[in-house]
Amino acid sequence: MSILGSINSGLTNDNTILNIKAILDGVISIVLTSIYGVGVIFSAVSELFIKEYSIFLQAKLKII
């Protein structure tokens, strides 16, 4: 969902897939944070900025 959503958002300005993924990730992050601690937040932030945002920018600039 992150790859498809980022490309779809960059090319068509439709954020539906990314919004659904954000809701799913938020619920899972709350559950995993209660089990494993604060490290879950750091992994979520790194995935967001490194993977999803770079794919979004590439699609926005039509590099892909």
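The values are calculated or read from the model by the stated rules, or taken from the named source; none is laboratory data. Treat the numbers as computed from the prediction; the structure is a model and nothing was measured. Here Cβ is always computed from backbone atoms with ideal geometry, including for glycine, and neighbour counts include all displayed protein chains.
Before moving on, here are some points about what is shown:
- Subset tally (residues that are among the charged types (D, E, K, R) and at pLDDT 80 or above) for segment 23-54: 1
- Test for Lys62: is it among the basic types (Lys, Arg) and either in contact with a strand residue (DSSP E or B) (Cβ under 7 Å, 6 or more places away or on another chain) or at pLDDT below 80 (or both): yes
A quick yes/no check of all residues on (1) assigned to a helix (DSSP H, G or I); (2) surrounded by 11 or more Cβ atoms within 10 Å (Cβ to Cβ); (3) of a type in the set (Lys, Arg); (4) on the phi < 0 side of the Ramachandran plot:
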{"residue": "Asn8", "(1), (2), (3), (4)": "yes, yes, no, yes"}
{"residue": "Ile17", "(1), (2), (3), (4)": "yes, yes, no, yes"}
{"residue": "Ile20", "(1), (2), (3), (4)": "yes, yes, no, yes"}
{"residue": "Val27", "(1), (2), (3), (4)": "yes, no, no, yes"}
{"residue": "Ser34", "(1), (2), (3), (4)": "yes, no, no, yes"}
{"residue": "Val40", "(1), (2), (3), (4)": "yes, yes, no, yes"}
{"residue": "Glu47", "(1), (2), (3), (4)": "yes, yes, no, yes"}
{"residue": "Lys51", "(1), (2), (3), (4)": "yes, yes, yes, yes"}
{"residue": "Ala59", "(1), (2), (3), (4)": "yes, yes, no, yes"}
